[in-house]
2 protein chains.
Amino acid sequence: MQPKGFLFKTMRRDVFQAIADPTRREIINMIAQQPLNVNAVAENFEVSRTAIYKHIKMLTECGLVVITQFGRERFCEARLERLTEVIDWAEQYRKIWTERLESLENFLDTPESPRKKPARKK
Amino acid sequence: MQPKGFLFKTMRRDVFQAIADPTRREIINMIAQQPLNVNAVAENFEVSRTAIYKHIKMLTECGLVVITQFGRERFCEARLERLTEVIDWAEQYRKIWTERLESLENFLDTPESPRKKPARKK
DNA sequence: ATATAATGCAACCTTAGGGTTTCATAAATA
DNA sequence: TATTTATGAAACCCTAAGGTTGCATTATAT
């Protein structure tokens, strides 16, 4: 058996996983400009408040959202610094796909170059 | 009932979903430099070839990988252009978190500024 | 003191995700 | 031709995701 409470507090959820769900990306977009309380967020969706609450909780578990209580309301605030992990990961491949595109353009721009065909089985 | 075959061909899987799994990100990293056949990819993981094959299939469904057959081998090649969607999405929020950091620095750099406390209940 | 609002959380349901084993098939080889 | 090799796909399994309803709790408003 796993010590769930312990894991819950320490395990920082994968940010890639957190942004995989389109609803969570919408939530992020919704509170990116200004904090909203949980109900205000939930009102913008078709699904139940509880469903939205779970999404928000997941976002807090990976640090993309922090919740601050004022009276009986809890405001959800976006802390998007960890999106740099995503950007950095994807950005490292950019030169690969741009180089590929460039070499394709060079290839097409050379009129006398024979069009290669994929290897034929014989 | 859904026309599954039809959906399968048309529904381009969400690229955010595709990169959510760490194994799939590893696969992408593995074939980013040069194509590898399915078995060669699978050899680098603990899990079964079939499991890796499924991951590769998901990656092809969202256009991040293309498969080309040579003889009995099928080579998996990374086509990472669609990662721009991820970068663009995350990048739009960068100014928000950098502005927040800057204003925090400004706040801390002003010695006479009183430290605000969260609203107290009375 | 009560009623209502805003939330957290437990219990439950359904489906997709990730994994395995097994079998079928096409291509390369002994 | 017989046999490996490389792969696709079906049949299952188990768990996490995402959703719902209902209840408990705390703060605000009557």
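Interface size between chain A and chain B, please: total buried accessible area, 1.4 Å probe, rounded to the nearest 100 Å². Show your work: numbers first, answer last.
Numbers: alone 9860 and 9900 Å², together 16920 Å².
Separately minus together, A and B give about 2800 Å² buried.
What average number of partner chain Cβ atoms lie no more than 10 Å from the Cβ of the residues making up A:23-31? Walk me through the numbers on the way to the answer.
On the way: counts 0, 1, 4, 0, 0, 3, 3, 0, 0.
Taking all residues of A:23-31 together, the mean is 1.
Just tell me how shielded B:79-92 is by partners: mean number of partner chain Cβ atoms within 10 Å of each residue's Cβ, no decimals.
Values: counts 3, 8, 7, 2, 10, 4, 1, 8, 9, 2, 8, 15, 6, 4.
Across the residues of B:79-92, the mean count of other-chain Cβ atoms within 10 Å is 6.
When the convex hull of its Cα atoms is viewed from all sides, segment A:48-103 shows a mean projected area of 5.6 nm². Label-point spacing for residue B:14 across the identical copies (point 7 Å from Cα in the Cβ direction), in nm and ascending order: 1.5. For residue A:94, inter-copy separations between label points set 7 Å beyond Cα along the Cβ vector come to 0.7 nm, shortest first.
The values are calculated or read from the model by the stated rules, or taken from the named source; none is laboratory data. Here the structure is a predicted model, which is why all the values come from computation and not from measurement. With ideal geometry, Cβ positions are generated from the backbone for all residues, glycine too; neighbour counts draw on all protein chains shown. With ligands, DNA and RNA removed, areas are computed over all heavy atoms of the protein, side chains included. Shrake-Rupley method; radii C 1.70, N 1.55, O 1.52, S 1.80 Å.
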